[in-house]
Every structure is written in C-alpha cells, then in structure tokens.
Amino acid sequence: MPSVGRNIPHDSARGHVTGQSKYVDDLPFARNELIVDFYWSRVAHGRIRSVDTSAAAAIPGVAALFTYKDLPGQNLFGPIIQDELLLAEREVLFIGHPIVVIAADSREAIRLARNAIVVDIEELEPIFTIDAAKKAQWHLGESRTIRRGEVAAAFQEAEEILEGQWRCGGQDHFYLESQAAVAYPGEHDALIVHSSTQNPSEVQEVIAHVLGLPINKVTVVTKRMGGAFGGKECQATHPAAIAALVALKTGRPARIVYNKDDDMQITGGRHPFQNDYRVAFTRDGLITAAAIDFFSDGGAYADLSTSVMGRAMTHADNAYFIPNMEITGTVCRTNFPPNTAFRGFGGPQGVATIENIIEEIALRLGRDPLEIRMKNCYGVDDRNVTPYGQPVTNNTLPRLFTECAERSEYYARRAEVARFNRESKTHLKGIALTAVKFGISFNTKFLNQANALVNVYLDGSVQVSTGATEMGQGVNTKIGQLVADELGVDASTVLVMITSTEKNNNTSATAASSAADLNGGAAVDAARRIRTRMTEVAAGHLAAASEGELTASTADIVFAEGQVYDRRSAGRKLKFRELVKICHLQRVSLGERGFFATRGLEWDPVAYVGTPFRYFTKGCAASEVLIDRFTGMMRVLRSDILMDIGRSINPGIDRGQITGGFIQGMGWLTNEELRYAESGMLLTHSPTTYKIPNIQDVPEVFNVDWIDNATNVVNVAASKAVGEPPLLLAISVWCAIKNALSFVSDGKLDAPATGEEILMRLANQKPETRN
C-alpha cells in the first residue's frame with residue numbers, strides 16, 4: 001500500500017506528547033561549558049560614548065566579555081542587504097541591540113555582570129512610525145512598482161471611485177522554544193553549532209563571516225525547533241554567532257538561550273503595514289482599476305524586508321483580475337528591532353488589503369461582498385493573468401467560491417445575520433467569505449533548489465538527509481513517505497536524519513511553504529537513482545532464476561510492499577532487503593545524492609514582471625462572528641474552510657497545518673496587539689500581556705476540507721504546499737467583524753480588531769442605529 005496519501009503519524013508525535021523530543025537546550029551540559037548572554041541597548045536610538053566592562057570582568061564566574069572589537073571577522077552582515085551590525089559599534093538603532101557579549105559559569109554571574117556593565121549612550125531622536133519614516137525619507141532598499149494597463153485612463157472613465165487607507169499591526173512569532181544555540185569548539189578552529197534555526201546554511205555562513213573562518217570549518221546541526229513561523233529563518237543567526245564567538249575565543253562549549261521576555265523584546269516579527277489605496281469600479285461592482293501604495297515598517301535593518309514587500313505586492317490582486325493596476329512598495333526604516341519573515345511573508349498584508357477594498361466596494365454599492373468577489377474572480381479560460389504577468393493556470397477559484405458558499409450555507413446564514421442584527425439590542429453578527437491565491441516558490445529564483453542524501457543499508461532500512469528543518473510542520477514525515485514509495489517499502493523503514501550542513505550543503509531555508517516541494521523533490525531524485533541501479537540487478541537476477549523463462553527486462557521490474565518482482569512472473573519475488581544484499585555483493589552503490597531545482601521560474605527583480613511562482617495554492621473560507629455591543633468581545637461562531645491542496649501527501653498533517661495556520665491568522669487579525677511605551681520599549685512581552693489564541697478562540701463549528709484535485713503534476717506527487725496559505729483565510733474572520741460593524745457604523749476597521757478596537761468603533765455608530 002503506497003505511503004503517499006495515508007495518515008501516517010508525525011515522526012515526532014509520540015515524543016512531543018511524552019516529553020521525550022529533544023531540543024537545543026535539552027543537550028547535556030558539557031564539562032567546562034559556558035552560559036552566554038549579552039548586554040543590550042535600552043535606548044532606541046543613540047550614540048555610544050563609552051563602554052566600561054571593568055566591574056563586570058571582576059565578578060566571580062565571569063569568563064569573558066566581548067565587544068565588536070573582539071570579532072575576528074566582519075561585524076557587518078545581512079541576508080539581502082549587508083547593513084546589520086551583530087554588535088553595536090558607535091550607534092544603537094533599536095532597543096535590544098547587542099553591545100557586550102557575556103560568558104559566565106552561571107546565570108547569576110550573567111545577571112550580575114549585566115548590571116555591572118556601564119554604557120554611556122547619548123540619546124538621539126528615534127523614528128517609531130511609518131509616517132515619520134516617510135517624512136524623513138528613511139527607507140530600506142528602493143521602492144518598487146508593478147504596473148499593468150492604463151491606470152490613469154481607467155480612473156478618468158470610472159463610474160465609481162473609492163479611496164482610503166488600511167493599516168495592520170505586527171505580530172510576535174511566540175514560538176514555544178526561544179532562540180537557542182550551543183557551540184562546541186573543535187580542532188584547528190573548527191566549530192559544531194547546534195542551532196534552533198530554519199536555515200542551517202545561513203547560520204553556518206554568518207558564523208564563518210563574523211569569525212573570519214572558511215565556511216567548511218563550521219558545521220551547523222538542527223534536530224528540530226519548538227516552533228519558528230519565520231522567526232528563525234534569519235534571526236537565529238545572531239545567537240548562534242554569539243555562542244560561536246565565545247566558543248572560538250575561549251575554547252570552551254558555549255550555550256545561549258533567550259528567555260521569553262528578552263526574545264520578544266529584541267527580535268523582530270511580522271511587518272506592520274500602512275497601505276493607501278484608490279480603486280475604480282462600475283456600479284455593478286466590476287473593478288476596472290486599482291492603485292495601491294504599500295508602506296511597511298522594516299525596523300532598524302533590512303533583514304528580509306525587501307523580499308517581504310515583494311510578496312505583498314505580488315499578492316495585492318489575490319483572487320481577482322484587475323485589468324489596470326499599479327502597485328508600489330516601500331520599506332520604511334524605524335528604530336524597532338528588524339522585522340523579519342513570518343508565516344505568509346507579506347502575502348497576508350497584501351491579500352487583506354484587497355479584501356478590505358472589496359468589502360468597501362460592497363458597502364458603497366449596497367451589495368453582498370461575495371457577489372463582488374465572484375464577479376471579479378480570476379477566470380479559467382480568460383481574465384487569468386496577474387498584474388506581474390503570470391498566468392493563473394489550473395484555476396479552481398470559481399469552483400472553490402461556489403462550493404464553499406454551498407457547504408457553509410452562506411446565503412441563508414447571511415439573511416439570518418441581517419435579521420438578527422435588526423432585532424438584537426445587545427449583540428451583532430457578521431459573516432464573510434474570502435479567498436486566497438498564494439504563490440508557491442521563493443521570490444528569489446536561486447533559492448528554489450535543494451539536495452538530498454539517501455542511503456540504503458544491508459537490512460533494507462533507509463536513511464534520508466536533506467536541508468529541510470523540522471519545526472512541527474511534518475516535513476520529515478512527508479519526505480519519508482515520498483522516499484518509501486519510490487523504493488516500494490513501508491514508511492516505517494525510512495528514517496529522516498537530523499539536518500546538518502556536513503551532509504547537505506548550501507541549502508535554502510525551510511520557508512516559503514516550499515520545504516516538502518524542494519527537499520522532497522531532491523530526495524525522490526536520489527531514491528530513483530538508487531532504484532534504477534537496483535532494477536538492473538533485479539532484472540538480471542530474476543531472469544537468471546527463471547531458467548530461461550524470462551529475459552532481463554528493467555521495464556517490467558516492480559518495487560512494491562517491500563518486495564521486488566518481474567510483472568511477467570509475479571510468483572517469483574525478492575524481498576527488498578534480499579535485493580539490497582545482492583546489489584552489495586555485486587558492488588552496486590546503495591547511496592546517492594539527489595538534486596532538485598524548480599523549473600519554469602523567470603522573474604525580473606527590478607521590473608517586477610515574470611513568473612515568480614511554480615503554482616498557486618488556493619482556498620476559500622466562510623466565517624461568522626458574534627460581537628457583544630457593550631464590551632466589544634468577539635466570538636467566532638463558525639468557520640468553513642475549503643482548499644485546493646492538490647493530492648495530499650499526508651492528510652492528517654495537512655489538516656493540522658490548515659487548522660493551525662487559520663488560528664494563527666486569527667490571532668494576528670484579532671487578539672495579538674504589540675503595544676509600546678513612548679521610549680519604544682515593548683510593553684507586551686509575555687503571555688500575561690500578549691494574547692495569542694487559546695482553545696476558547698477556536699470557532700465553535702469548525703469545518704476543514706479540500707477538493708479532489710490531482711492535476712498539479714508540476715509538483716512532487718501532484719501535491720500542493722499548505723504551510724502558509726491557510727493563514728490568509730483567517731481574513732474571513734476579520735471581514736466578518738467588519739461586516740458586523742457595518743450594520744451600525746461606516747464599517748471602517750484596521751487590524752488587529754481587538755475587543756478594544758471593536759468597542760471604539762461601536763462608540764462611533766451611526767445616530768440612527770443607536771439604541
């Protein structure tokens with residue numbers, strides 16, 4: 001029985017629920033190991049006048065103190081633009097900017113040393129808002145534009161024009177395992193670093209860069225992460241490099257683990273956006289033109305902000321064909337920690353903007369927003385090219401809209417919502433049905449590659465090594481299933497190994513929802529090469545065993561259910577492990593490297609035109625909310641999700657990804673609000689002040705399903721990526737809140753729609769609706 005398509009449990013499921021799964025800080029302490037932390041700036045923007053570490057150095061148990069002057073290599077680094085300083089030199093640009101690295105025998109010594117360090121900083125004027133950054137023209141990278149059609153002419157001829165601004169806040173990753181790394185020194189300046197990272201190769205490269213080492217002297221290992229969501233794609237480099245610095249300089253193992261309060265204060269999160277829009281449409285609701293100006297808060301350094309903006313821009317159309325469109329994107333620089341990747345990577349901010357616009361159009365025209373959405377939906381045979389020039393092939397969006405509306409009983413429930421709101425004096429209801437069309441591939445072409453190593457052992461068991469990193473999403477389980485089917489063995493005989501740069505070099509981050517696509521493709525390539533060699537041996541062996549009945553024919557050899565046979569004489573079968581031994585005796589290699597590079601990608605990063613994505617994962621969701629008029633408290637009564645995820649490799653894991661992504665998206669748009677003091681210090685830096693969704697926030701009725709569609713043959717096993725797209729379907733919840741408020745107000749709403757935000761909007765209701 002094939003493994004692909006089966007509900008095989010996550011390979012770490014039992015370990016997670018029993019507490020046996022090992023994370024970085026579970027590694028046993030080595031003899032002479034040092035604990036590492038750092039003194040960071042409490043000033044958002046300032047000039048460093050002096051740093052005095054003499055008192056800290058005298059504290060018993062303090063082994064070493066390092067500043068930027070102690071770095072053997074380069075202090076300046078960055079994944080796209082090299083503008084970030086690992087350790088502040090003459091200026092600090094955000095609260096949390098590392099200044100002095102502390103290595104000590106105990107956490108108490110670390111605490112005392114931090115308190116003893118004296119840093120004199122002259123405070124400078126900080127920039128904390130997008131508006132202030134725009135006024136100061138303080139940007140990260142260059143502004144970019146996507147343009148199609150005759151936008152100006154379309155506005156001149158428009159029957160209706162609507163313009164406004166929409167804002168959304170940031171979001172903390174709130175991974176359960178904070179940033180962590182342990183560095184072990186070896187011979188000849190070699191280092192082995194265990195890092196909680198989505199990107200071992202980048203951690204390896206940055207460590208080598210800042211320590212002045214060749215890359216081959218640094219080995220980075222990642223067993224698993226206790227969550228990441230993009231927050232460990234680039235920002236895991238900082239703690240790993242700091243631990244590596246200590247290990248190299250002292251010759252002792254070095255461990256760094258952020259506590260939750262520090263982690264939330266000194267690392268960046270999802271980018272806040274402030275978007276200006278102008279849209280032209282007919283009185284029937286057909287959009288004829290749109291001009292959207294995206295402005296994001298990138299924080300103090302570039303990190304991945306320019307790429308995040310690129311994905312926001314390429315998702316400004318979402319599920320809708322707009323013939324004349326101009327999209328600009330500008331990353332604003334502020335004195336907050338550098339914002340970074342977060343599940344969706346700019347896509348949510350882009351999609352939420354156009355979905356808000358559609359809600360506004362429906363309000364202006366007095367129409368059902370779903371009618372506007374379906375009227376403007378990308379077509380199957382025409383009206384199916386994006387503003388940046390990529391055709392929307394294999395388009396299931398019209399089907400998803402129709403089926404989701406039917407399954408969720410949208411139209412009947414919408415009528416019931418209107419009736420309820422006419423009669424209730426204490427509560428409001430709202431309902432919305434939104435879509436997602438999420439491009440799958442890295443925005444940057446060269447990142448769409450992967451390599452894998454597959455080894456078959458003499459007992460028939462199999463090891464697989466890839467550059468994919470496991471953070472709970474089940475990528476290792478899926479890769480194991482893919483390899484099992486290629487070799488015709490049970491998935492239980494395939495073990496996906498710990499990720500290491502020693503075995504898989506120059507790998508891309510586990511991100512962009514592409515890990516299973518890329519690394520699965522590479523693993524399949526390696527397994528096929530091994531199977532090809534084994535097939536030749538099997539054909540010869542079975543022909544010889546038939547005593548002249550069969551001639552050797554590789555085309556007739558079948559690998560299935562742990563056995564190998566010639567389909568012309570299925571009665572004679574070899575066990576897979578028997579064939580392995582025969583191959584070994586005949587000196588046939590049973591190990592192989594595989595490689596995969598996504599085809600069909602062409603993207604001009606300057607003109608912003610081309611085909612940046614291999615395919616699109618699509619879906620729809622209908623959500624209904626209930627709001628207390630007196631408190632602003634909101635509950636999600638029901639959500640119905642319907643997606644096109646191709647042929648599911650593992651339905652159980654995919655269902656978990658859809659459910660979890662949707663709830664995390666709800667958090668961003670409703671509960672999770674980052675609040676800052678006037679100084680720029682984050683106030684909401686713990687679970688007591690920062691509210692992520694809990695079990696009570698899950699919709700009371702929650703239906704998750706996907707359509708049958710095995711036509712995505714451009715991807716491994718005809719599957720589709722499912723890590724990020726479901727998060728964007730939570731926009732249906734935000735739109736349902738907006739719909740509820742539109743019964744008593746103008747419906748204007750930013751994100752997150754917290755209870756406080758809803759209550760303030762209710763306080764500004766239309767006079768005729770006040771009771």
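Every number here is computed from the coordinates shown, using simple stated rules; none is lab data. On a predicted model such as this, the values are computed, not experimentally measured, just so you know. Heads up, the Cβs are rebuilt from the backbone with ideal geometry, glycines too, and the neighbour counts pull from every protein chain shown.
Summary of values
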quantity: Kyte-Doolittle at least 0.0, axis length at least 30 Å by Cα - qualifying DSSP helices, the chain; calculated: 515-545
quantity: Nearest-20 debye value, segment 633-698 charge dipole, Cβ charges on Lys, Arg, Asp, Glu; calculated: 160 debye
quantity: For segment 367-453, projected area of the alpha-carbon convex hull averaged over all directions, nm²; calculated: 10.1 nm²
quantity: Spin-label model distance (nm) - Glu122 vs His188, 7 Å beyond Cα toward Cβ; calculated: 4.8 nm
quantity: Efficiency of FRET between Val701 and Leu27 - r from beta-carbon atoms, R0 41 angstrom, step 0.05; calculated: 0.40
quantity: Length-normalised contact order of the chain in % [C-alpha pairs under 8 Å, at least 6 apart]; calculated: 15 percent
quantity: q = 0.14, 0.28, 0.31 Å⁻¹: log10 I(q)/I(0) that the Debye formula gives for segment 142-189, counting C-alpha atoms only; calculated: -0.75, -1.14, -1.16
quantity: Counting DSSP beta bridges with both ends in segment 400-527, the antiparallel % (nearest 5); calculated: 60 percent
quantity: Cα lying deepest toward the dipole's positive end in the chain, options Phe613, Gly548, Pro398, charges on Cβ; calculated: Gly548
quantity: Coil-residue GluC sites (Glu not before Pro) of segment 664-771, DSSP, other Cβ within 10 Å capped at 10; calculated: Glu678
quantity: Those Cys residues of the chain for which no other cysteine Cβ falls under 4.7 Å; calculated: Cys168, Cys234, Cys332, Cys377, Cys583, Cys735
quantity: Segment 408-522, Cα convex hull volume normalised per residue, Å³; calculated: 177 Å³
quantity: Pairwise centroid distance, computed over Cα atoms, of segment 144-215 with segment 229-305, Å; calculated: 6 Å
quantity: Kirkwood Rh, angstrom, segment 690-745 [1 / mean 1/r, Cα pairs]; calculated: 14.8 Å
quantity: Entries of Lys134/Lys720; Lys573/Lys720; Lys429/Lys720; Lys260/Lys437; Lys223/Lys249 with Cα pairs more than 28 Å apart; calculated: Lys134/Lys720; Lys573/Lys720; Lys429/Lys720; Lys260/Lys437
quantity: Sparse-neighbourhood loop sites, GluC sites (Glu not before Pro) in segment 509-608 - DSSP loop, at most 11 other Cβ within 10 angstrom; calculated: Glu547
quantity: Electrostatic dipole magnitude of the chain [Cβ: Lys, Arg +1; Asp, Glu -1; Cα centre; debye, to 20]; calculated: 1080 debye
quantity: Cα extents of segment 457-523 along the three principal axes, largest first (Å); calculated: 34, 23, 19
quantity: Helix-only mean residue ellipticity at 222 nm for the chain, each DSSP H run of n ≥ 4 adding -39500 (n - 2.57), per residue, nearest 500; calculated: -8500 deg cm²/dmol
quantity: Cα-centred dipole magnitude for segment 607-764, charges only on beta-carbon of K, R (+1) and D, E (-1), debye, nearest 20; calculated: 240 debye
quantity: Share, in percent, of DSSP beta bridges within segment 449-597 that are antiparallel, nearest 5; calculated: 85 percent
quantity: Segment 449-597, Rg to Rh (Cα coordinates; Rh as Kirkwood inverse mean 1/r); calculated: 1.03
quantity: Taking N as its residue count, the alpha carbon Rg of segment 587-628 over 2.2 N^0.38 Å; calculated: 2.40
quantity: Viscosity 0.692 mPa s, 37 °C: Kirkwood-radius Stokes-Einstein D of segment 222-350 over Cα pairs, µm²/s; calculated: 194 µm²/s
quantity: For the chain: rounded, prolate or oblate by the Cα gyration tensor [a/c cutoff 1.5]; calculated: oblate
quantity: Those trypsin sites (Lys or Arg not before Pro) in segment 625-721 that DSSP places in a loop and that have at most 14 other beta carbons within 10 Å; calculated: Arg675
quantity: Shape call, segment 713-756: gyration tensor on alpha carbons, a/c limit 1.5; calculated: prolate
